[in-house]
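The values are calculated or read from the model by the stated rules, or taken from the named source; none is laboratory data. As the structure is a computational prediction, the values presented were derived from the model and not from experiment. Using ideal geometry, Cβ is built from the backbone for each residue, glycine included, and neighbour counts are taken over all protein chains shown.
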Amino acid sequence: MGFSTAIDDFGSGYSGLTAFCDLKTDLIKIDMALLHNIDTDPRRQSIVKALINLTAGMGVICILEGVETAAELATLREMGGRYFQGFLLGRPTLERLNDDATILARVQDAELSQESARKSA
């Protein structure tokens, strides 16, 4: 019998680099405070991109939590993010989201909105 470990809210409180080194975890969830307005904040972009690359290089799954806008999602995808959580993709629920097509449609809608915003800018 095996199990996986995770660090939640990475980047806040006690969930930092020391815990990441010591725990040898299977996945981390980047705290939403680091992702808020990431589409307009170069400092946050640099930090989160480094974390995405670090975890990828170590074989650790990186979940980006608290994605609330199409611009945040587009920025994180451009930076190499693969796994996301947040209100943009689905509200918290006790039931499992079984409709992958609905989630995919939300991601595609977010991408189209971001593309339209870029063209009009």
Please specify each residue of the range 1-53 satisfying the condition of being surrounded by 17 or more Cβ atoms within 10 Å (Cβ to Cβ) and β-branched (Val, Ile, Thr). ILE7, THR25, ILE28, ILE30, ILE38, VAL48, ILE52
Can you name the condition, by its number, that PHE84 falls short on among (1) closer than 21 Å to ALA117 by Cβ; (2) of a type in the set (Phe, Trp, Tyr); (3) modelled with pLDDT under 90? (3)
Cross-chain or 6+ apart pairs with Cβ under 7 Å, the range 82-107 first and surrounded by 11 or more Cβ atoms within 10 Å (Cβ to Cβ) and assigned to a loop (DSSP other than H, G, I, E, B), then of a type in the set (Val, Ile, Thr) and modelled with pLDDT under 70: LEU89/ILE103; GLY90/ILE103; LEU97/ILE103
Which of the residues spanning the range 8-35 are more than 19 Å from GLY80 (Cβ to Cβ) and in contact with a Lys or Arg (Cβ under 8 Å, 6 or more places away or on another chain)? ASP8, ASP9
Which of the residues belonging to the range 57-80 are loosely packed, with under 14 Cβ neighbours inside 10 Å and either touching a Cys at 6+ places or on another chain (Cβ under 8 Å) or farther than 25 Å from SER4 by Cα (or both)? GLU78
